[in-house]
Amino acid sequence: MPHLTSTDIAGRIEELYGAPLADLEAHAQDQPPGMLSALLGMHDDLALAERSIDFYRDHLARLLHPERQIGPHEVSHLLDGARRLAETVAVRDVQAKSVAAVLQSLARVPAPTPAPPAASPPVPSSPLPASSPAHSR
């Protein structure tokens, strides 16, 4: 399964529900919990993990700047940053895989087609004239 970003997931949710994500979030607030709120929550978790990855990657890049000296004190910060980065990557991967699997199992239901106009009820035939009983001889 290809790696999906929160932007990809947002696009798939919008496609599935036929509305922009902001509108769907506003709509979900007024509804009881359901599939839409679950998908939106999964999307938020994925987006948070992606922001965390960016943060820890930038943090490590600052710590590893070529002009910066790395002493014993910095080593513990490097190890902690690397551990946190690995954790956020794992969370992102799990979130992306889970929400992609859920979205793959769902499909947009086509709008119902209007029912053809009901045929008018058959016109009742006029009653047959009552046959007169045959005369007995």
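Under 13 Å from a point placed 7 Å out from the Cα of I70 along the Cα-to-Cβ direction: which residues of the stretch 76-91 have their backbone N that close? Residues 76-83 fall inside that zone. Can you work out the PRE-style zone for M35? Point 7 Å along Cα to Cβ, and I want the residues of the stretch 87-106 with backbone N under 15 Å. The answer is 99-106. Protection proxy ranking of 99-105, 25-31, by the mean of other Cβ atoms within 10 Å over each peptide's residues and highest first, is 99-105, 25-31. The distance linking the stretch 12-43 with the stretch 44-71 is 31 Å (Cα centroid to Cα centroid, whole angstrom).
Given R0 = 30 Å, the distance between the Cβ atoms of A86 and L21 translates into a calculated FRET efficiency of 0.55. When the residues M42, M35 are ordered by accessible surface, computed with a 1.4 Å probe over the protein chains alone, the sequence from largest down reads M35, M42. Between D44 and H77, the FRET efficiency from the beta-carbon distance, with R0 = 30 Å, is close to 0.55.
The values are calculated or read from the model by the stated rules, or taken from the named source; none is laboratory data. Predicted model, so just to flag it, every value in this text is computed and none were measured. Cβ coordinates were reconstructed from backbone atoms using ideal geometry, including for glycine residues, and neighbour counts include every protein chain displayed. Only protein heavy atoms, including side chains, enter the accessible area calculation; ligands, DNA and RNA are left aside. Shrake-Rupley method; radii C 1.70, N 1.55, O 1.52, S 1.80 Å.
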